[in-house]
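Notes follow once the structure below has been shown.
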Number of protein chains: 2
Amino acid sequence: MDNERRWYEKAGEAGDVVVSTRVRLARNLRDIPFPSRMNAAQRAESERRVRDALFQSNSPIAGDFDFLQIDAMSEQQAGSLVEKHLISPQFAAHGKGRGVLISKDESISIMVNEEDHVRIQVLREGLALCETAETADRIDTLLNESLHFAFDEELGYLTQCPTNLGTGMRASVMLHLPALAERGALSRIVSNLSKLGLVTRGTYGEGTGITGAMVQLSNQITLGLSETEAVENLRNIAKQLVDAERESRAALLGQIRVQDRIARALGVLQTARLLSGEEFMRLSSEVRFGVTAGMLSGIDLADLNALTASVQPATLSAKAGKALSAEERDVLRAETVRKALRGVA
Amino acid sequence: MDNERRWYEKAGEAGDVVVSTRVRLARNLRDIPFPSRMNAAQRAESERRVRDALFQSNSPIAGDFDFLQIDAMSEQQAGSLVEKHLISPQFAAHGKGRGVLISKDESISIMVNEEDHVRIQVLREGLALCETAETADRIDTLLNESLHFAFDEELGYLTQCPTNLGTGMRASVMLHLPALAERGALSRIVSNLSKLGLVTRGTYGEGTGITGAMVQLSNQITLGLSETEAVENLRNIAKQLVDAERESRAALLGQIRVQDRIARALGVLQTARLLSGEEFMRLSSEVRFGVTAGMLSGIDLADLNALTASVQPATLSAKAGKALSAEERDVLRAETVRKALRGVA
């Protein structure tokens, strides 16, 4: 059963706190202008080259990928890829002539002609920075064999945006920190982390708020630091946060008002007939807390991860096969959640 | 099973809207001052005479009663009698030397030396004004055989407070009006009813707020109107409110947001670990609405009535056999409710 699941339907190392790990590499072709300055012919050329680099390689990895044309998709299907973090919102919004390579288990995506010519992205459940970085590196090496990415001995990889210059790497972990949030410790932590060259964001990247105590933590510095150092740095801090969060949870769980809140959150999710995405995130955060604490049984973290992915707005509409109104989505979300949480207690 | 239940653990006629009916008669002995002006000897004399009038009568009813001395009870036991509407809060608070006769099914109580020497009170589930008034009348007649209550040809029964002068009767029904409340129609109805000589109150009588859409409706006029007319008047208006409430419910139930609210109320009651009395009344009002509409199964109105009686604060403490803190009560209430609603869906 579990090996048929996609990465976001599993739970990994330190999965009680770390929901997922992501590494992305920004790369560009040498002799074609950056995407913002390309004409149609250059865009097609860039795309052809990247596809060939993968599909005409001798690597067995190649057979695992599909090439998806964004403008051949419905808005809901593209939106669903955004919700699964496989493409960026900007990429979906301006999909004309853009395509993405996605591995069958949806753990690897290669966006072509996003902000940079090539954006390699690897996702994994739980805390898995080393494995994820290694996989990204393998894809990078494979593509580089034929593409020879733009690289400067002084500056490193050249990227459209100077903040990516150097390693072109951004590594991030999605952390679930309900106990630290409850203790009011999050804002202090966020401000300390920025001094350490790390940046925190909400669930859906830059500019999105923190919902359901989900905090995305990523490296900010891409210059003057190797990929390994950056990953190591992030991993150490993630581990410290895992420890701090676990400690706070243990202290909170003895409190009846916390048990009450967790139990009620489950009760509402098991019965609601209308459920907004925001309320789902807030309540499922409590349920996730309850599951990790062993207070609730009948569901595990992998199930919760799969449920969370399945009830995102565009994913719901894509499943229904049509654009749903906000109320229709809330009805379908409530139905999906009730079914998934039946028997949990 | 059902015939072992007390009156407040059943559901009666029009029980979907009318929770209960109550009739009380205020009576006084001729040759003893009103209770507020009695000395200890007179108080004892009054009590002895009332007890004798019942227990030394030849009526088979007499064997059905117990005499309870308020100051022989714990605060919780007396409070529980208040919550079951068997004695008034004032009677419980100043219980020294006071006693009450209570029938085994707790549907009839006779307070001695409350505001008046004798307060006969009959309670019944559902809309049952005629039966309730008849029972009160039977008790009145029985006691009057030996007590010869103070009566004036012009004024009728003499009472301490002039608002009871005449029939000395107050009849009331407890209505559950969630749909009229939701439509915002309650305040208009309340103001119209006062023009018709009726008065509305919250769940626990004068000065208490309306919680969980429970409205107590009673006659105000005791002079210039026979008991029968007063009862008839109240019954007609109660029936009109029953019809209006049923109509509003039918209109509301088609709405998904109403179904959602009812379902969530059940969900919270089934899972909460802490539950205040106020929140229980609010949420159980929704559940009651859902049960009457056939939306929820696995519980009936009689069960809900029994549950409501069992989770009132003093009744909870009396059951636990000790004074409970507010939090201990909320824990015990939540536990009792979770158990009672298990399997309801």
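The values are calculated or read from the model by the stated rules, or taken from the named source; none is laboratory data. Quick caveat: nothing in here was measured; it's all calculated off a predicted structure. Please note: Cβ atoms are built from the backbone with ideal geometry, for glycine as well, and neighbour counts cover all protein chains shown. Calculation scope for accessible area: heavy atoms of the full protein, side chains included, ligands and nucleic acids excluded. Shrake-Rupley method; radii C 1.70, N 1.55, O 1.52, S 1.80 Å.
Do any residues in segment B:216-230 that are farther than 18 Å from B:Cys130 by Cβ have Cβ atoms under 8 Å from those of residues that are among the hydroxyl-bearing types (Ser, Thr, Tyr) and assigned to a loop (DSSP other than H, G, I, E, B), where the two are at least six apart or on different chains, and which pairs are they?
Listed pairs, sorted by first residue: B:Gln216/B:Thr203; B:Thr222/B:Thr167; B:Leu223/B:Thr167.
Within segment B:57-67, is even one residue within 30 Å of B:Asn305 (Cβ to Cβ) and of a type in the set (A, V, I, L, M)?
The answer is yes, given that some residue of segment B:57-67 is within 30 Å of B:Asn305 (Cβ to Cβ) and of a type in the set (A, V, I, L, M).
Give me a count of the residues in segment A:92-113 that are modelled with pLDDT of 95 or more and under 21 Å from A:Ala171 (Cβ atoms).
Residues in segment A:92-113 being modelled with pLDDT of 95 or more and under 21 Å from A:Ala171 (Cβ atoms): 10 in total.
Within the bounds of segment A:157-165, is there any residue that is assigned by TED's automatic domain parsing to the domain that holds A:Gly12, open to solvent by less than 20 Å² (accessible area, probe 1.4 Å) and hydroxyl-bearing (Ser, Thr, Tyr)?
yes
What pairs come out if I take residues in segment B:265-281 that are without any contact (Cβ under 8 Å) to a residue 40 or more places away in the chain and over 21 Å from A:Ala345 (Cβ atoms) and pair them with residues that are open to solvent by 20 Å² or more (accessible area, probe 1.4 Å) and not acidic (Asp, Glu) whose C-beta lies under 7 Å away, six or more apart or interchain?
Pairs found: none.
(1) assigned to a helix (DSSP H, G or I); (2) in contact with an Asp or Glu (Cβ under 9 Å, 6 or more places away or on another chain); (3) within 23 Å of A:Glu114 (Cα to Cα): which one isn't true of A:Gln160, the others all being true?
Every listed condition holds for A:Gln160 apart from (1).
Answer yes if at least one residue in segment B:92-101 is crowded, with 19+ Cβ neighbours inside 10 Å, free of Cβ contacts under 8 Å to residues at least 40 places away in the same chain and closer than 16 Å to B:Ala136 by Cβ, and no otherwise.
Checking segment B:92-101: at least one residue is crowded, with 19+ Cβ neighbours inside 10 Å, free of Cβ contacts under 8 Å to residues at least 40 places away in the same chain and closer than 16 Å to B:Ala136 by Cβ.
I want to confirm something. Restricting to segment A:294-345 and keeping residues that are open to solvent by less than 40 Å² (accessible area, probe 1.4 Å), in a loop (DSSP other than H, G, I, E, B) and touching a Leu at 6+ places or on another chain (Cβ under 9 Å), which single residue is farthest from the other protein chains (Cβ to nearest Cβ)?
Among residues in segment A:294-345 that are open to solvent by less than 40 Å² (accessible area, probe 1.4 Å), in a loop (DSSP other than H, G, I, E, B) and touching a Leu at 6+ places or on another chain (Cβ under 9 Å), the one farthest from the other protein chains (Cβ to nearest Cβ) is A:Val311.
Could you count how many residues in segment B:117-156 are in contact (Cβ under 8 Å) with a residue 40 or more places away in the chain, in contact with a strand residue (DSSP E or B) (Cβ under 6 Å, 6 or more places away or on another chain) and over 30 Å from B:Arg288 (Cβ atoms)?
Total meeting the criteria: 5.
Against the definition (away from every other protein chain (no Cβ under 14 Å), small (Gly, Ala, Ser) and crowded, with 17+ Cβ neighbours inside 10 Å), how does A:Ser226 come out, yes or no?
no
Out of the residues in segment B:103-142 that are over 17 Å from the mean Cα position of the chain (by Cα) and among the aliphatic types (A, V, I, L, M), which is nearest to B:Glu227 (Cα to Cα)?
Taking the candidates together, the pick is B:Ile139.
Counting only residues that are within 11 Å of chain B (Cβ to nearest Cβ) and charged (D, E, K, R), which one in segment A:244-285 is surrounded by the fewest Cβ atoms within 10 Å (Cβ to Cβ)?
A:Arg257
Kindly evaluate A:Ala62 against the criterion of being touching a helix residue (DSSP H, G or I) at 6+ places or on another chain (Cβ under 7 Å), at pLDDT below 95, open to solvent by less than 40 Å² (accessible area, probe 1.4 Å) and not basic (Lys, Arg).
yes
Checking the condition touching a Lys or Arg at 6+ places or on another chain (Cβ under 6 Å) and among the polar types (S, T, N, Q), which residue from A:Gln259, A:Gln312 passes?
On inspection, the qualifying residue turns out to be A:Gln259.
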